[in-house]
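In what follows, a structure is listed as structure tokens, so that the remarks can point back to it.
Every number here is computed from the coordinates shown, using simple stated rules; none is lab data. Please read these numbers as outputs of a predicted model, since none were measured by experiment. Neighbour counts run over all protein chains shown; Cβ positions are idealised from the backbone, glycine included.
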């Protein structure tokens, strides 16, 4: 299994505490396989059900050390960089809570391009969907995430960064984890570092 089994595999609860170690991979069981993807190619994730709450979907990657087993490696510390973000469409005035603002909303498949200059090697690819439907108050955002085990081939000599840790990359009061129904928000910035493009 190239996607590590998450703690919510039998229900639909998300992570609400950004200080929890569950922010790394929300992991219930180790992985047992690796998918191969070429640098610059598309990596897709298929959800068991469509994304049923509006918010951003983001991809982080962490390079597995050469001497570590990808199936059991715990990605603690500053090892993650943001490789992609499907966030709010902005520039049209007030944001809404539908697909016009949130392109990943109601989709069952999301895709990200692996940066062309990312070094070859084994990585954990962490995809997260941040549900904002109850995020009017601090701690209301629900984060649905999982980690896939991949091997990147044909990579380059880039130095991905900035590197962040989970937990640690987000704070509970980050603007990207809060959504105001009133007054209606006119802009949105997803939490975490900028996307590394290489």
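Here are the numbers:
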| quantity | calculated |
| --- | --- |
| Sum of -39500 (n - 2.57) over DSSP H runs of 4+, divided by residues of the chain (222 nm, nearest 500) | -500 deg cm²/dmol |
| Efficiency of FRET from Cβ geometry, residue 138 and residue 181, R₀ 25 Å, rounded to 0.05 | 0.95 |
| DSSP bridge orientation in the range 22-177 - percent antiparallel, rounded to nearest 5 | 90 |
